[in-house]
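Working notes for the structure below.
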Amino acid sequence: MNRALFIRALSRFSAGLLLVAGLLFIPAGTWNYPQGWLLMGILFVPMFIAGLVMMKKCPDLLEKRLNVREKEAEQRRVILFSGLMFLAAFLAAGLSFRYGWLLLPFPASVIASVLFLAAYALYAEVLRENAYLSRTVEVQEGQKVVDTGLYGIVRHPMYMATVILFLAMPLVLGSVISFLILLGYIPIIAERIRSEERILKEGLRGYSEYMEKVKYRLIPFLW
C-alpha cells in the first residue's frame, strides 16, 4: 500500500466530512437534523468504501481523482463557481431546517436517498469502465477513447451521474431552496463539457470520430 497516497486520501476525506458537517449542522443550530445525518451517511460511507477499493485495486486512478488543480483558466472559474454554489446550498439547507423554510416531508428525503445511491452506483460503474478519469480536464499520456458500456450511450456518463447526485442532495436534505440553488449546476456543467470536448478533440486521437458515433453528451435523446 502506498502510505503517502493513503494519508493524502484520508486527509482529504476527513476534511470533506468535517466541512460538510459544519455547513449543515452549524446553520441548523442543532445536531438533531435527521436529513443532515441521512445525507452524511449516504454520501461518506460509500465514498470511504470506494476509496479503500481504489486504494487496493487501482491506486493510480485514486491519485488522479485526488488531483483537483485545473490548468485551464476557464475550468478554474467553473470550479470556483461550483464551490460557491455548494457552499450556499448547504448553508441554505441548514437554515431552512432551523427556521422551517420550504421543507419537504421526510419520506421525500428517503426517496431522494434511493435516487442518490443509484447515481452513486452509476458513478462507480463509470470509474470501472474508464481508467483515465481525472478530476481535471486534460489529455493523459497513452489515453485512448473509451466507447463501450455507458460511453456507448452518452459521451459523459460521469457528469450524468454527477448531475443526478447533486440534484438529489438537496432533496435528501429536504430543502426546496437548496434544490433551486443547485439547479445552477446544470449550466455550469454544460459549459465544462463544451470546454472539455474542445480539448479532447484537439488532443485525443479518435475523439472526433467518437463524437460522430455517440451523438448525446449527457442525456440520451435530449442533449
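Here are a few things to note about the model shown:
- The C-beta contact set for the range 102-118 (first residue touching a residue at least 24 places away in the same chain (Cβ under 8 Å), second residue among the hydroxyl-bearing types (S, T, Y) and in a helix (DSSP H, G or I), distance under 9 angstrom, 6+ apart or interchain) comprises L102/S96; L103/S96.
- Neighbours by Cβ (under 7 Å, 6+ apart or cross-chain): first from the range 1-17, without any contact (Cβ under 8 Å) to a residue 60 or more places away in the chain; second small (G, A, S) and surrounded by 14 or more Cβ atoms within 10 Å (Cβ to Cβ): A9/G51; F13/G51
- Filter result (among the hydroxyl-bearing types (S, T, Y) and surrounded by fewer than 13 Cβ atoms within 10 Å (Cβ to Cβ)) within the range 23-54: T30
- Of the residues L200, L182, L222, L204, the single one that is within 18 Å of the chain's Cα centre (by Cα) and on the phi < 0 side of the Ramachandran plot is L182.
- Evaluation of Y185 against the conditions (1) surrounded by 17 or more Cβ atoms within 10 Å (Cβ to Cβ); (2) farther than 21 Å from Y123 by Cα; (3) of a type in the set (S, T, Y) shows that the sole unmet condition is (2).
- Restricting the range 1-22 to residues that are loosely packed, with under 10 Cβ neighbours inside 10 Å and hydrophobic (A, V, I, L, M, F, W, C), the residue that is modelled with the lowest pLDDT: M1
- Scanning the range 79-95 finds one or more residues that are small (G, A, S) and over 19 Å from the mean Cα position of the chain (by Cα).
- Among (1) surrounded by fewer than 17 Cβ atoms within 10 Å (Cβ to Cβ); (2) at pLDDT below 85 - the single one N130 does not satisfy: (1)
- Each residue in the range 176-223 was checked for being assigned to a helix (DSSP H, G or I) and under 30 Å from F106 (Cα atoms), and 12 of them qualify.
The values are calculated or read from the model by the stated rules, or taken from the named source; none is laboratory data. Since the structure is predicted, the reported quantities are computational estimates derived from the model, not experimental observations. Quick reminder, even Gly has a Cβ in these numbers, built from the backbone with ideal geometry, and neighbours come from all protein chains shown.
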